[in-house]
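**Student:** What follows is a single structure, and I will ask about it in a moment.
The values are calculated or read from the model by the stated rules, or taken from the named source; none is laboratory data. Keep in mind it's a predicted model, so treat the numbers as computed, not measured. Glycine also receives a Cβ, built like all others from the backbone with ideal geometry; neighbour counts cover every protein chain displayed. Areas reflect the complete protein model, heavy atoms only, side chains present, ligands, DNA and RNA absent. Shrake-Rupley method; radii C 1.70, N 1.55, O 1.52, S 1.80 Å.
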Amino acid sequence: MAGRRVAIVGAGMTKFVRRALETGPELAWEAASKALESCEMTLDQIDAVVLGSAPDAFDGVHMKVEYLSPGAGAWGKPTIRGFVGGGTGVFAAIQGWYHIASGMFDTVLVVCEEKMSSCHPHPQAAFNYIFDPTTERPLGPNLLWIFALEMNAYMTKYGLTKRDIALVAVKNKRNAAGHPAAQLADPDITVEDVLNSEVLAWPVQRLDVSPTSDGAAAIVMAAEHVARRVTNKPVWVEGVGWSLDTQYWTNRDLSYPTYVEEAARKAYAMAGIREPRKEIHIVEPYDPFDYKELHHLEGLLLADRGKAAELVVLGTANRDGDMPVTPSGGLLGVGNPISAAGLMKVAELFWQLRGEAGSRQVPGQPKRGLAQAWGDLMQVGTVIIVGI
Amino acid sequence: MRRWNTEVAIVGAGWSGFRSISPDLSFREMMFEAATKAYSDAGIDPRRDLDGLVTAEEDFHEGVAISDEYVPDQMGAVLKSVHTIAGDGLQALAAGVMQIAAGAGRIVAVESHSKASNVLNLDQITALALDPVYQRPLEAHPIFIAGLEFRRYLEVTGTPIEHVARVVVKNRRNALRNPRAAFPADLTLEDVLHSEPLAEPLTRAMAADPADGCVVFVLARGDVARTLTDRAVWIRGLGWATDSYTLENRDWEGARYLRQAAERAYRQAGIQSPRRAFDLVEVDDTFAYKELQHLEALGLCRPGEAGRWTAEGATEVGGELPVNPSGGCLGEGHLLEASGLARLLEAVLQLRGEAGPRQVPNARTALVASWRGLPTTTGAVAVLSREP
Amino acid sequence: MEPWVYPSIALKQEDFEEGRIRTTRTPLRGEYAWDAGVAVGRFLAELKAGRLVGRRCRVCRRVMVPPRMFCEQCFRPTDTWVLLQDTGTVLTFSVCTVAWDMRRLEVPEVPAVIAIDGASPGMGILHKLGEVGQTNDEILDRVHIGLRVQAVWKPPHQREGAITDILYFRPV
Ligand SMILES: [Zn+2]
């Protein structure tokens with residue numbers, strides 16, 4: 001008993017920057033108005049709004065959905081904010097899908113915003129509060145710990161080198177050079193630059209990590225009858241999946257993201273995909289750290305366990321390779337305003353599949369793409385598959 | 001706004017609490033207790049049968065950044081489709097209904113809890129929901145907003161303050177017959193009117209005190225619901241809306257958010273004259289005047305009529321339209337994000353004929369309405385029935 | 001897609017130094033007292049007594065730490081308390097040279113996930129390693145995944161029923 005067909009019909013975003021002049025609601029407005037403009041729709045044609053934003057502590061604002069609502073076009077509309085940590089950006093698009101597929105709404109504006117720079121002395125402060133208040137927080141942990149612990153478990157299990165992993169950062173920062181919103185694009189970066197960057201929490205070094213950013217992204221989603229009226233190139237939602245693993249992350253095998261696999265299997269089943277490595281033409285996996293892109297490709301069943309690095313080493317994952325991975329430039333290159341970065345990946349697929357990605361365009365008229373995000377205590381996978 | 005694709009029913013309910021403090025249980029253990037009851041009530045094994053879970057939480061109330069991290073285990077939902085709504089529990093209910101109608105699951109649980117007693121500076125947390133640039137520098141206790149709105153309500157509707165005090169007397173007396181209620185009391189009008197002033201004309205007795213507790217529901221697609229139980233409660237209409245965020249240009253008179261939410265829910269349920277449509281109402285009464293204002297916004301009586309109605313006893317159990325037979329937030333305690341689900345719980349028990357000494361005879365339809373609390377203008381509405 | 005990227009305004013350090021940008025400041029004061037509850041409450045009390053404990057589920061036979069009153073795999077209450085050893089194996093570790101606000105640390109911290117002996121395989125807790133060196137290179141030389149470690153406890157009179165009653169784990 002599947003729901004109605006749903007399409008993405010418009011997309012817009014702000015530039016991703018280290019620190020924006022705009023307030024959170026202003027950033028939300030910039031992205032939302034661009035998304036509406038892109039499909040020549042107006043706010044009164046929107047039935048409902050879905051908002052995405054990651055930890056409230058960044059903005060230092062409680063009940064953030066209300067705070068952002070005026071900028072996101074939500075005044076007087078049914079508005080809801082789903083939340084799965086870093087997985088929120090892709091999940092917001094999934095929420096937009098279920099709003100429409102359920103038959104409840106015909107048009108939904110999905111807006112994701114993050115203003116991390118408001119948090120002082122450093123946005124990392126907000127992440128100190130992700131740890132268990134009783135059994136972990138007294139140890140004084142910081143966010144880098146869990147990534148470093150996971151990266152080490154992954155590298156050690158499969159005997160991966162730092163050099164293999166650093167190639168992901170190089171690829172993505174170079175890919176971002178063609179992105180008009182990019183914060184950290186670098187067409188000339190080399191693997192030596194990454195390997196020589198400051199060690200933060202071994203094995204994590206400065207250039208293994210995406211930056212903190214301010215920014216917003218938005219998409220317009222519509223039911224089939226509306227979508228066909230609005231555009232001659234609707235990008236259809238073919239599959240979605242999301243999955244949350246146990247909170248006891250220290251009890252898990254950190255070398256493999258089972259939650260991503262669970263989410264991917266749901267999305268593949270819904271899309272009728274049996275051989276994802278052949279049927280997915282563009283992948284936008286979540287890449288807040290370079291090793292995460294590899295980790296996620298394995299969870300998505302697009303590479304064998306421990307073998308994702310080969311895709312990058314051999315060039316398969318390049319923009320002109322057999323399976324382009326993160327042609328947008330990703331979080332490492334475009335920037336990482338958490339939820340907005342996830343939705344940016346969905347927007348990238350929208351532009352790529354419509355042939356509108358400019359200098360980043362993946363050749364060969366790709367027909368189907370997958371975006372994935374991840375978050376919480378290395379715990380949640382969110383996956384969307386779209387096609388034209 | 002349309003009706004959703006498939007019938008959806010509530011097939012199980014469970015709770016823990018409610019009490020002003022709950023030092024014997026962690027929030028996890030409280031959730032496990034409520035979930036165990038709900039799954040047992042629905043006759044399901046969550047590890048086998050549950051497709052997804054939606055929780056309603058706000059990070060600042062949990063004291064955790066990214067609070068959805070800590071929910072799956074005690075809900076039997078590890079590696080299932082879990083996400084949080086940063087909103088009221090009724091919005092999480094709507095998310096669950098949309099998922100089922102979209103085909104993303106057959107059986108989905110909805111959860112929300114409060115550990116308000118663990119938040120030592122709850123009022124200051126509420127103040128963090130005010131605009132950081134315009135309003136926070138005033139350093140005012142957010143209760144002033146209730147005072148402003150209450151004053152305006154009395155002025156515009158000509159309601160005598162005694163009628164507002166009567167709401168408190170009624171609800172806390174109703175709570176005497178509710179074993180879940182944290183604050184049952186037999187008060188007089190004088191007790192209410194002469195209690196300590198908070199933000200004139202609001203007195204302390206007119207404001208609900210926070211409580212700890214957890215509420216869990218099990219939702220099922222119509223065909224599945226019929227195989228599970230003959231006590232299903234059917235969801236016939238759902239609406240939610242967010243009005244203006246700013247204090248400077250919001251509608252101070254009529255709880256427009258709830259009027260908009262109710263219009264949508266009534267349209268879905270095919271209700272033309274709400275006044276005659278329901279056997280009981282559970283409505284947000286965080287502040288006593290809110291019960292009256294909300295009854296009017298819901299179209300159950302004309303503006304200015306709710307006070308007289310209350311004074312005449314029409315909203316008592318046994319009256320023309322019983323309102324908050326549970327005791328409402330004033331009698332049960334305010335459960336933060338779980339408040340809407342606490343209202344819903346009473347409605348479900350009433351429609352099943354399981355409300356004991358509070359039972360409204362032969363209750364077949366019920367209306368539930370929630371408000372997100374200060375300083376928001378967000379509300380949600382659910383229309384329930386014993387028939388699909 | 002270029003037309004659909006809003007030219008948002010990026011600020012520079014000079015914008016602040018030269019006073020062109022106005023800000024308001026609010027300290028975020030959230031004060032909480034988390035109810036530890038039955039499982040973690042007992043866990044903390046046992047730490048004060050110098051012991052690590054877990055909970056066993058009779059159905060899946062796992063011994064879990066940190067302990068919980070429910071088994072997330074079976075969705076049923078756990079059954080018995082199990083006394084664990086204060087020794088274990090490093091499942092993974094990091095050498096962290098920055099604090100949460102990105103200040104550099106003089107001596108790196110060594111967070112680790114440590115599988116506790118007596119609990120089911122892979123059941124780790126987060127803690128720190130100590131007595132493993134003062135510099136990155138020293139530490140990387142001495143620590144590896146699979147290293148056997150033992151808890152170093154605070155003296156009994158200084159323990160307060162917290163995870164920090166264990167100062168750190170050291171190699172054995
Ligand atoms: Zn078990």
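**Student:** Sequence-distant or interchain residues sharing an amide H contact under 5 Å with A:E238, placed H: which?
**Tutor:** A:I385, A:V386, A:G387
**Student:** Using the Cα atoms of chain A to build a convex hull, what is its mean projected area in square nanometres?
**Tutor:** So the mean shadow area of the Cα hull is 17.4 nm².
**Student:** Here is a follow-up. According to the Kirkwood expression over distinct Cα-Cα pairs, how big is the hydrodynamic radius of the range B:105-190, in Å?
**Tutor:** After inverting the pairwise mean of 1/r, the radius is 16.8 Å.
**Student:** What FRET efficiency, computed as 1/(1 + (r/R0)^6) with R0 = 25 Å and r the Cβ-Cβ distance, is obtained for B:H194 and B:R151, rounded to the nearest 0.05?
**Tutor:** Approximately 0.85, to the nearest 0.05.
**Student:** What share of all Cα pairs of the range C:37-171, in percent, falls into each consecutive 10 Å distance bin?
**Tutor:** Histogramming the range C:37-171 at 10 Å steps yields 13, 37, 32, 15, 3 percent.
**Student:** State, to one decimal in nm, how far the label point of A:Q45 lies from the label point of A:E275, with both points 7 Å from Cα in the Cβ direction.
**Tutor:** Inter-label distance under the simple model: 4.0 nm.
**Student:** To the nearest 0.05, what FRET efficiency results for B:L187 and B:E354 with a Förster distance of 30 Å applied to their C-beta separation?
**Tutor:** Efficiency at R0 = 30 Å is approximately 0.65.
**Student:** Enter the accessible area of C:K12 (Å², nearest 10), with the probe set to 1.4 Å and all protein chains included.
**Tutor:** 120 Å²
**Student:** While we're on this one: Determine the relative contact order of chain A: mean sequence separation of Cα pairs under 8 Å and six or more apart, normalised by residue count, in whole percent.
**Tutor:** 26 percent.
**Student:** Grab the other residues whose beta carbon is less than 9 angstrom from that of B:L341, score K and R as +1, D and E as -1, and report the net.
**Tutor:** -2
**Student:** Let me ask another. Where does the range B:233-279 land on the Kirkwood hydrodynamic radius, alpha-carbon pairs, in angstrom?
**Tutor:** 12.0 Å
**Student:** Right, another one. Give me the Å³ per residue figure for the convex hull around the C-alpha atoms of the range A:323-373.
**Tutor:** Looking at the range A:323-373, the number lands at 73 Å³ per residue.
**Student:** Hull surface divided by four, with the convex hull built on the Cα atoms of the range C:1-106: how many nm²?
**Tutor:** Computing the convex hull of the Cα atoms and averaging its projections yields 15.3 nm².
**Student:** How large is the helix-only mean residue ellipticity at 222 nm for chain C, computed as the sum of -39500 (n - 2.57) over DSSP H runs with n ≥ 4, divided by its residue count, in deg cm²/dmol to the nearest 500?
**Tutor:** Calculated at 222 nm, the ellipticity per residue is -3500 deg cm²/dmol.
**Student:** Using a 1.4 Å probe on the protein chains only, how many percent of the accessible area of the range A:98-163 belongs to carbon and sulfur?
**Tutor:** Whole-percent figure for carbon plus sulfur exposure: 56.
**Student:** With solvent modelled as a 1.4 Å probe, how much accessible area in total do chains A and B shield from it at their shared surface, in Å² to the nearest 100?
**Tutor:** Buried: approximately 5400 Å² between B and A.
**Student:** Can you give the calculated 222 nm mean residue ellipticity of chain B, where each DSSP H run of n ≥ 4 adds -39,500 (n - 2.57) and the sum is split over every residue, rounded to the nearest 500 deg cm²/dmol?
**Tutor:** -10000 deg cm²/dmol
**Student:** Put +1 on the Cβ of each Lys and Arg and -1 on the Cβ of each Asp and Glu in the range A:257-388; which of A:G342, A:G364, A:I282 then has its Cα farthest toward the positive end of the dipole?
**Tutor:** A:G364
**Student:** Right, here's the next one. Radius of gyration and Dmax for the protein assembly as shown's Cα atoms, expressed in Å?
**Tutor:** Rg and Dmax of the protein assembly as shown, Cα atoms, are 27.0, 82 Å.
**Student:** Amide H to amide H, which residues 5 or more places from C:L129 or on other chains are under 5 Å from it, using H placed in the peptide plane?
**Tutor:** Counting only residues 5 or more places away or on other chains, the set is C:V110, C:A112, C:F169.
**Student:** Taking the Cβ of B:G307 as the center, what net charge do the other residues with Cβ under 11 Å away carry, scoring Lys and Arg +1 and Asp and Glu -1?
**Tutor:** Local net charge: -3.
**Student:** Output wanted: per-residue J couplings in Hz (rounded whole) for the range A:246-256, from phi through Karplus 6.51 cos²θ - 1.76 cosθ + 1.60, θ = phi - 60°, x for Gly and Pro.
**Tutor:** In residue order, the calculated couplings are 4, 6, 7, 5, 6, 9, 9, 7, 6, 7, 9 Hz.
**Student:** Oh, and also: Output ³J(HN,Hα) for the range B:22-31: one whole-Hz value per residue in order, computed from phi by the Karplus curve 6.51 cos²θ - 1.76 cosθ + 1.60 with θ = phi - 60°, and x for Gly and Pro.
**Tutor:** 8, x, 6, 10, 6, 4, 5, 5, 5, 5
**Student:** Which residues of the range A:48-74 end up with at least 50 Å² less accessible area in the presence of all protein chains than when their chain stands alone, using a 1.4 Å probe?
**Tutor:** Listed in order, they are A:G60, A:H62, A:M63, A:E66, A:Y67.
**Student:** If I model a spin label as a point 7 Å beyond the Cα along the Cα-Cβ vector, how far apart are those points for C:R51 and A:L195 in nm?
**Tutor:** Going by the 7 Å Cα→Cβ label model, 5.2 nm.
**Student:** Just to be sure I follow: if Rg is taken over the C-alpha atoms of chain B and Rh is the Kirkwood radius over the same atoms, what is Rg/Rh?
**Tutor:** 0.94
**Student:** Here is a further query. Could you tell me which residue out of A:Y268, A:G96, A:T107 lies farthest along the dipole of the protein assembly as shown toward its positive end? Charges go on the beta carbon: Lys and Arg +1, Asp and Glu -1, centred on the Cα centre.
**Tutor:** Positive-end residue among those listed: A:Y268.
**Student:** Follow-up question, since we're still on this one. Subtracting the Cα-Cα distance from 0.36 nm times the residue separation, let me have the gained length for B:S273 to B:R204 in nm, one decimal.
**Tutor:** Length difference between fully extended and current span is 21.3 nm.
**Student:** A further question on this structure: Roll a 1.4 Å probe over the protein chains and send me the accessible area per residue for the range C:84-172 in Å².
**Tutor:** Heavy-atom SASA per residue in the range C:84-172 reads 43 Å².
**Student:** If you don't mind, another one. Mean separation of Cα pairs under 8 Å and 6+ residues apart, divided by the residue count of the range C:97-172: what relative contact order is that in percent?
**Tutor:** Reported as a whole number, the value is 24 percent.
**Student:** Here's a follow-up. Using every Cα-Cα pair within the range B:300-388, state what percent have a distance larger than 21 Å.
**Tutor:** For the range B:300-388, the share of Cα pairs beyond 21 Å comes to 34 percent.
**Student:** Let me know the charge dipole size of the protein assembly as shown about its Cα centre in debye, to the nearest 20, where only the beta-carbon of Lys, Arg (+1) and Asp, Glu (-1) is charged.
**Tutor:** Roughly 2100 debye for the protein assembly as shown.
**Student:** Given a Förster distance of 22 angstrom, what is the FRET efficiency for C:V172 paired with C:I145, based on the Cβ-Cβ distance and rounded to 0.05?
**Tutor:** 0.90
**Student:** If I model a spin label as a point 7 Å beyond the Cα along the Cα-Cβ vector, how far apart are those points for C:A33 and C:D15 in nm?
**Tutor:** Using points 7 Å along Cα→Cβ, the separation is 4.4 nm.
**Student:** Now for a different question. Work out the length of the dipole vector of chain C about its Cα centre, built from +1 on the beta-carbon of each Lys and Arg and -1 on the beta-carbon of each Asp and Glu, and round it to the nearest 20 debye.
**Tutor:** Result for chain C is approximately 940 debye, rounded to the nearest 20.
**Student:** Quick one: which residues, 5 or more positions from C:G161 or on another chain, have an amide H under 5 Å from its amide H? H modelled 1.01 Å from N in the peptide plane, none for Pro or chain starts.
**Tutor:** Under 5 Å from the amide H of C:G161 lie the amide H atoms of C:K48, each far enough along the sequence or on another chain.
**Student:** Add -39500 (n - 2.57) for each DSSP H run of 4 or more in chain A, then divide by its residues: what number comes out at 222 nm, to the nearest 500 deg cm²/dmol?
**Tutor:** The per-residue figure over chain A is -10000 deg cm²/dmol.
**Student:** Now for a separate question. Step through the residues of the range A:100-117 one at a time and calculate ³J(HN,Hα) from phi using the Karplus curve (6.51 cos²θ - 1.76 cosθ + 1.60, θ = phi - 60°), rounding each to whole Hz and writing x for Gly and Pro.
**Tutor:** Result, rounded to whole Hz: 8, 4, 5, x, 6, 9, 9, 9, 9, 9, 10, 10, 10, 9, 8, 10, 7, 6.
**Student:** About the Cα centre of the range B:112-205, what is the dipole size in debye to 20, counting +1 per Lys and Arg Cβ and -1 per Asp and Glu Cβ, all else neutral?
**Tutor:** Its charge dipole is roughly 520 debye.
**Student:** Could you pull out the longest piece of chain A with no exposed loop GluC sites (Glu not before Pro) in it, calling a site exposed if DSSP puts it outside H, G, I, E, B and it has at most 12 other Cβ atoms within 10 Å?
**Tutor:** A:199-388
**Student:** Now for a different question. If you keep only loop residues by DSSP, which trypsin sites (Lys or Arg not before Pro) in the range C:44-90 have at most 13 other Cβ atoms within 10 Å of their Cβ?
**Tutor:** Passing sites in the range C:44-90 are C:R58, C:R61.
**Student:** With an 8 Å cut-off on Cα pairs and a minimum separation of 6 or more residues, tell me the relative contact order of the range C:37-171 in percent.
**Tutor:** Answer for the range C:37-171 is 24 percent.
**Student:** Per the Cauchy relation, a quarter of the hull surface: what is the mean projected area of the convex hull of the alpha carbons in the range A:1-125, in nm²?
**Tutor:** For the Cα atoms of the range A:1-125, the hull's average projected area reads 7.8 nm².
**Student:** What trypsin sites (Lys or Arg not before Pro) does the range C:86-172 have in DSSP loop regions with at most 13 other beta carbons within 10 Å?
**Tutor:** C:R103
**Student:** Would you kindly state the longest site-free stretch of chain B, with sites defined as GluC sites (Glu not before Pro) in a DSSP loop (not H, G, I, E, B) surrounded by at most 15 other Cβ atoms within 10 Å?
**Tutor:** B:1-138
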